[in-house]
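Participant: Just dropping this structure here.
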Ligand SMILES: [Zn+2]
């Protein structure tokens with residue numbers, strides 16, 4: 001029983017992985033402005049739902065926005081011929097009036113698929129290089145291990161520079177305090 005469940009999970013993750021990678025390629029290409037808006041709304045909606053704020057005004061507002069944004073895309077169903085394993089296959093895809101091979105319309109359909117699978121949170125931008133990636137776990141913040149290491153190395157260098165600056169700063173303040181103290185004493189002596 002346990003084996004069956006893990007197999008199912010593995011299969012499902014693999015399926016979404018394909019959808020996710022297609023979306024990542026689209027996002028790292030030239031995504032349309034309205035697609036980015038739709039993605040932001042979908043992710044905000046997901047966050048509100050994950051926080052169980054089903055009855056909130058925020059959820060209603062986001063839902064209305066989501067519906068409006070979705071409606072603005074005029075999607076045209078189309079079929080494609082694909083030669084695989086020695087025969088032709090039909091595959092359904094979507095296009096917008098100015099559609100390319102994988103364009104905005106396919107990306108919208110993939111976004112909806114990912115949202116339905118409750119995995120829209122996985123689409124993220126790397127904290128360091130701003131490349132889009134498909135997150136493997138919730139606390140992932142970088143596209144790769146390389147980026148993560150570089151980010152923290154740069155951060156260390158930044159902290160190092162900051163330490164030197166703070167040391168100099170402290171020294172300057174100390175000297176300034178000393179100068180002020182002397183000035184104050186001198187003026188008092190003069191008064192006496
Ligand atoms: Zn990165």
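What follows draws every value from the coordinates through simple rules; no lab data is involved. Computed from a prediction, not measured in an experiment: that's the story for all the values here. Here the Cβ is made from the backbone with ideal geometry for all residues, glycine too, and neighbour counts use every protein chain on show.
Participant: Report the calculated FRET efficiency for residue 130 and residue 175 (r = Cβ-Cβ distance, R0 = 41 Å), to the nearest 0.05.
Facilitator: It comes to 0.45.
Participant: Relative contact order (percent) for the chain, with alpha-carbon contacts under 8 angstrom and 6 or more residues of separation?
Facilitator: 18
Participant: Hey, what number do you get for the chain at 222 nm if only DSSP H runs of n ≥ 4 count, each worth -39500 (n - 2.57), divided across all residues, to the nearest 500?
Facilitator: -22000 deg cm²/dmol
Participant: Say each of residue 76 and residue 164 gets a label point 7 Å from the Cα, pointing the same way as Cα to Cβ; how far apart are those two points in nm?
Facilitator: Reported label-point gap for residue 76 and residue 164 is 6.1 nm.
Participant: By per-residue mean of other Cβ atoms within 10 Å, what is the highest-first order of 51-62, 120-131, 170-181?
Facilitator: Answer by packing, highest mean first, reads 120-131, 51-62, 170-181.
Participant: Could you compute the FRET efficiency for residue 155 and residue 84, with r as their C-beta to C-beta distance and R0 at 41 Å, rounded to 0.05?
Facilitator: Efficiency at R0 = 41 Å is approximately 0.30.
Participant: Further question: Report the far tail of the P(r) of the stretch 24-112, meaning the percent of Cα-Cα pairs longer than 18 Å.
Facilitator: 54
Participant: Still on this structure, please answer the following. Given a Förster radius of 41 Å and the C-beta distance between residue 141 and residue 67 as r, what FRET efficiency does 1/(1 + (r/R0)^6) yield to the nearest 0.05?
Facilitator: My answer for the efficiency is 0.85.
Participant: I would also like to ask the following. Grab the alpha carbons of the chain, take their convex hull, and tell me the volume per residue in Å³.
Facilitator: With only Cα atoms used, the chain gives 276 Å³ per residue.
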